[in-house]
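Heads up: the structure comes next, in structure tokens.
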Amino acid sequence: MTNNKRVLGIIGGSGFYQMDAVEGAARIEIKTPWGEPSDALVKGRANGVELVFLARHGAGHRLAPGDINYRANIDAMKRAGVTDIISISACGSFHEHLAPGHFVLVDQFIDRTTTREKSFFGKGFVAHLSMAHPVCPALGDALEASCKTLNIDHQRGGTYIAIDGPQFSSLAESNLYRSWNCDVIGMTNMPEAKLAREAEIPYATVAMVTDYDCWHEEESPVEVTHILEVMKTNTANAARLVGDVARQLGATRTPSPLGIETVLDFAVITPEESRDPAMVEKLSAVAGRILNR
């Protein structure tokens with residue numbers, strides 16, 4: 001029998017380091033074959049839905065974007081039984097109408113990161129997955145409904161460009177990304193979204209605008225001090241949003257309309273007899289569904 005219980009994973013980005021309105025919160029330490037996740041996971045409940053929270057940068061914001069162990073984070077979520085992931089992330093805006101405080105419910109990504117491990121698969125166990133539609137529309141529907149309910153300024157749909165950082169963009173880069181019709185810029189949602197797809201976990205991003213990057217002629221270039229001011233309001237709204245989207249989604253789930261829960265059926269290219277046993281062991285959580293059948 002298929003388990004249709006929802007376990008909603010929340011990955012909190014800059015400014016969103018803990019979930020206060022969670023019933024029965026308990027920290028759990030999970031070890032992964034990919035190394036240490038950013039922090040302990042926190043399990044609890046909100047509006048009758050089981051939640052698992054992870055601070056992407058760790059308590060006290062100890063980890064820069066390039067130092068985050070994205071594979072360990074997603075593997076830990078999978079081991080904790082997470083069925084859906086919502087990423088909460090600070091970002092810069094490339095459009096006048098996406099002012100600081102606006103939430104963008106991203107549906108596309110451009111990955112410009114170069115220094116990160118981007119796949120669970122590799123030598124000895126190869127898989128190729130489609131990322132044509134990286135965000136689960138059912139999660140997007142729920143997030144949009146919650147934003148409307150809570151009167152949070154938002155845009156449904158948009159392209160998020162991910163850069164390595166930790167530096168912000170040059171003016172030339174900012175204008176280049178605008179010419180590509182990007183909506184927001186951040187440093188963390190790649191390879192996170194790719195890894196969630198490999199782990200067969202539906203994923204969605206709430207990109208919280210804190211600044212205009214550096215393209216806006218009437219605004220000063222982005223600075224951390226300004227970001228921190230805007231972040232306080234954004235984080236409060238994000239906490240409200242998480243509670244309400246749990247209510248919107250409910251404790252019982254149906255499969256993603258994209259069939260994300262079974263994407264590995266069509267992705268693995270290495271036949272069973274040729275797979276590296278060490279890789280098989282490392283993939284015991286991420287690819288457990290196909291390995292155990």
Exercise for the section: Just give me the residues in the range 162-171 being hydrophobic (A, V, I, L, M, F, W, C) and over 14 Å from Tyr212 (Cα atoms), in sequence order. Expected result: Ala162, Ile163
Exercise for the section: Being under 13 Å from Thr188 (Cα atoms) and hydrophobic (A, V, I, L, M, F, W, C) is the filter; apply it to the range 55-73 and report the residue that is surrounded by the most Cβ atoms within 10 Å (Cβ to Cβ). Expected result: Ala55
Practice task
Assess whether Leu143 counts as being surrounded by 15 or more Cβ atoms within 10 Å (Cβ to Cβ), in contact with a strand residue (DSSP E or B) (Cβ under 7 Å, 6 or more places away or on another chain) and more than 22 Å from Pro37 (Cβ to Cβ).
Solution key: yes
Practice task
May I ask you to verify whether Asn151 is part of a loop (DSSP other than H, G, I, E, B), out of contact with any Lys or Arg (no Cβ under 8 Å at 6 or more places or on another chain) and over 22 Å from Pro255 (Cβ atoms)?
Solution key: yes
Exercise for the section: Only residues that are on the phi < 0 side of the Ramachandran plot and among the small types (Gly, Ala, Ser): list them for the range 246-293, please. Expected result: Ala246, Ala251, Ser256, Ala267, Ser274, Ala278, Ser284, Ala285, Ala287, Gly288
Handout entry: All strands (runs of 3 or more DSSP E) inside the range 23-141 with 1 or more residues being within 20 Å of Tyr160 (Cβ to Cβ)
Key = 49-55, 84-93, 103-106, 108-111
Exercise for the section: Test each condition in (1) buried (at least 21 other Cβ atoms within 10 Å of the Cβ); (2) within 20 Å of Gly15 (Cα to Cα) for Glu229 and report the one that comes out false. Expected result: (1)
Practice task
Go over the candidates Val286, Val242 one by one and state the one that is part of a loop (DSSP other than H, G, I, E, B) and of a type in the set (Val, Ile, Thr).
Solution key: Val286
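No value in this document is a laboratory result; all are computed from the given coordinates. All figures in this text were calculated on a predicted structure; none of them were measured in a lab. Counting neighbours? That spans all protein chains shown, and the Cβs are built from the backbone with ideal geometry, glycine included.
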